[in-house]
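Notes follow once the structure below has been shown.
The values are calculated or read from the model by the stated rules, or taken from the named source; none is laboratory data. The structure displayed is predicted, hence computed values, not measured ones. Cβ placement follows ideal geometry from the backbone for every residue including glycine, while neighbour counts extend to all protein chains displayed.
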Amino acid sequence: MKKLIIIGLALGLAAIIFIYLGSGKLANVASADHQSEAVDLIVERGRQVAIESDCVACHTGPSGAPFAGGVAFDSPFGMIYSTNITPDKQYGIGLYQREDFYRAVKWGYSSKVGNLYPAMPFTSYRKLNDEDLDALWAYFQSIKPIAEPNSANDLIFPANIRFFLGGWNQLFFEDSDFSPDSNRSKQWNKGKYFVEAAGHCGECHTPRNLLFAMQPSKALQGEFLEGWQAGDITAKELNSQGWNAKDLVDLLKMGESRMGSTYENMYLVVNHSLSHMPNEDLAAISGYLLDKDQVSIAEVDGSSDLKMAKRVYLSQEDKTLSGYQTYVDYCAGCHGLDGLGKPEAVVALNQNSAFTAQSPYNSIAVILRGLPSKRQSQTRGVVSMSSFNAQVSDQQVAELVNFARQVWGAQKDAKVDNDMVKEIREKLDKEGYLNHLQMKKSD
């Protein structure tokens, strides 16, 4: 018995040491070597890195105060709230030193509260280079301090014990610098750096395991997020759908392209971050995502392809397909009898990525959920789409989606059945995503 107790204590001690060694508190931060540059240039570069990293989206909560925190994240383990990252000394990071900032952003360790939850994408920011992180540090020292208290997280046991996150880091955190590919072009590697580091695209587009860790073997293959599917953005999938560099740059710059329109969280990413980036950077991103070594600026500059897109009309044979009558009854009023949409108001459906995607999930979810209106500028926007959850049966949704994927997505063999619609409807209902934009019944 005594021997078992000793073994148990030894194993327990080993586990504690293992977890402790996973803490970012122990990370070695290199000394700064960019201090020769003018301070205003460093701060301006830091402002750009903050835009590229979309810091404002996650750290600007209900109060509306920039970077004062309070945004709620509904994780599988409970609610996590973003924190105040202004230089306020009581609630923000005003007492941080450069080393503290590095450990928080790149290694997920706060000198104020301990290990950070991976809702903070330090798992991607670890790949930011020191020059960009020094600039980001200078920028956050320069902004206005806001005395906004932080909200307390509401997590289940044992997720509410930050110490255990050291074990998570040991198991899942890749503690390595950005690694360019010497066999690829400078532009391609620039796009890779943005996608993997500042842009942290994998945080939404890469599937996660049961412990909320990204699965590197499935990078960018799509993940479910707040009732939507953050799409598969691998080169294989994008190329199979027919995307080109101009399509991607249009989408990232304006939130819409001939392949469809952004909505919900991705719309916010475009508004806060991507739309403020130069076409040169967006061309690099599109080149990396499409696996093209070189994308010329001439390819992506100029007028949007939306205005030059070919108008495709449905054939008489198309109109005999099962699902067309449901389309006429519920969709044609806005999208038109041929799915051509209305400029600056309703998206066109031909080649829309909701239908060209291998997964039919979002095409089903959008019918059941609807979409809020959005406005990119005074002259560009999209009207809201009502939820048809209460109006259409599982069979009608299945037939409608199959029709749309056949005539506008060129997926002749892709089939959605009633059971698939039922499963998605029940999932969305259970998670509380239905009926917020419910269509009013006519008298």
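Picking from TYR267, TYR263, TYR361, TYR324, which residue would you name as being in contact (Cβ under 8 Å) with a residue 40 or more places away in the chain, touching a Phe, Trp or Tyr at 6+ places or on another chain (Cβ under 6 Å) and of a type outside the set (Gly, Ala, Ser)?
Residue meeting the stated conditions: TYR324.
Restrict the check to the range 135-151 and report whether at least one residue is assigned to a loop (DSSP other than H, G, I, E, B) and either at positive phi or not assigned by TED's automatic domain parsing to the domain that holds ASP74 (or both).
Residues of the range 135-151 that are assigned to a loop (DSSP other than H, G, I, E, B), as a first pass: 143-151.
Remaining after also requiring either at positive phi or not assigned by TED's automatic domain parsing to the domain that holds ASP74 (or both): none.
Among the residues of the range 135-151, not one is assigned to a loop (DSSP other than H, G, I, E, B) and either at positive phi or not assigned by TED's automatic domain parsing to the domain that holds ASP74 (or both), which makes the answer no.
Taking the condition of being within 21 Å of LEU225 (Cα to Cα) and without any contact (Cβ under 8 Å) to a residue 40 or more places away in the chain, how many residues in the range 367-388 meet it?
2
What is the one condition in (1) touching a Phe, Trp or Tyr at 6+ places or on another chain (Cβ under 8 Å); (2) more than 30 Å from ASN271 (Cβ to Cβ); (3) part of a loop (DSSP other than H, G, I, E, B) that PHE403 does not satisfy?
All conditions pass for PHE403, except number (3).
Could you look through the range 312-330, keep only residues that are of a type in the set (A, V, I, L, M, F, W, C) and surrounded by 14 or more Cβ atoms within 10 Å (Cβ to Cβ), and pick out the one that is farthest from ASP413 (Cα to Cα)?
Only one residue fits best here, namely VAL312.
Please indicate, with yes or no, whether at least one residue in the range 343-354 is over 22 Å from LEU238 (Cβ atoms), charged (D, E, K, R), not in a loop (DSSP other than H, G, I, E, B) and not assigned by TED's automatic domain parsing to the domain that holds GLU226.
At the first step, the residues of the range 343-354 found to be over 22 Å from LEU238 (Cβ atoms) are 343-346.
Adding the requirement that they be charged (D, E, K, R) leaves 344.
Right, trim to not in a loop (DSSP other than H, G, I, E, B) and you get none.
There is no residue in the range 343-354 that is over 22 Å from LEU238 (Cβ atoms), charged (D, E, K, R), not in a loop (DSSP other than H, G, I, E, B) and not assigned by TED's automatic domain parsing to the domain that holds GLU226.
If we keep just the residues of the range 216-245 that are crowded, with 20+ Cβ neighbours inside 10 Å and touching a Lys or Arg at 6+ places or on another chain (Cβ under 9 Å), which is nearest to ALA72 (Cα to Cα)?
For the range 216-245, the residue satisfying everything is TRP228.
Based on what the data block shows, is ALA345 of a type in the set (A, V, I, L, M) and within 20 Å of ARG425 (Cβ to Cβ)?
So ALA345 fails the test.
Residues checked against (1) of a type in the set (D, E, K, R); (2) within 23 Å of the chain's Cα centre (by Cα):
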site	(1), (2)
ALA345	no, no
GLY370	no, yes
ARG375	yes, yes
VAL392	no, no
ALA398	no, no
ASP413	yes, no
LYS422	yes, no
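How many residues, within the range 62-97, are crowded, with 20+ Cβ neighbours inside 10 Å, under 18 Å from the mean Cα position of the chain (by Cα) and in a loop (DSSP other than H, G, I, E, B)?
Residues meeting the conditions: 1.
Can you tell me which residue is farthest from TYR263 (Cα to Cα) among those in the range 200-236 that are in contact with a strand residue (DSSP E or B) (Cβ under 6 Å, 6 or more places away or on another chain) and among the hydrophobic types (A, V, I, L, M, F, W, C)?
Filtering the range 200-236 for residues that are in contact with a strand residue (DSSP E or B) (Cβ under 6 Å, 6 or more places away or on another chain) and among the hydrophobic types (A, V, I, L, M, F, W, C), the one farthest from TYR263 (Cα to Cα) comes out as MET214.
So TYR288 ticks every box in (1) of a type in the set (Ser, Thr, Tyr); (2) assigned to a loop (DSSP other than H, G, I, E, B); (3) within 24 Å of the chain's Cα centre (by Cα) but one. Which box is left unticked?
Failed condition: (2).
Okay, residues lined up against (1) β-branched (Val, Ile, Thr); (2) in contact with a helix residue (DSSP H, G or I) (Cβ under 7 Å, 6 or more places away or on another chain); (3) modelled with pLDDT of 90 or more:
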site: GLU280; (1), (2), (3): no, yes, yes
site: LEU290; (1), (2), (3): no, yes, yes
site: GLY302; (1), (2), (3): no, no, no
site: ARG311; (1), (2), (3): no, no, no
site: GLN316; (1), (2), (3): no, no, yes
site: GLY323; (1), (2), (3): no, yes, yes
site: TYR330; (1), (2), (3): no, no, yes
site: ILE364; (1), (2), (3): yes, yes, yes
site: GLN376; (1), (2), (3): no, yes, no
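Scan (1) within 19 Å of ARG126 (Cα to Cα); (2) of a type in the set (D, E, K, R); (3) modelled with pLDDT of 90 or more for the single condition LYS89 breaks and write down its number.
Just one mismatch for LYS89, condition (1).
Might you check whether a residue that is buried (at least 20 other Cβ atoms within 10 Å of the Cβ), within 30 Å of GLY64 (Cα to Cα) and assigned by TED's automatic domain parsing to the domain that holds ASN84 occurs anywhere in the range 190-200?
no
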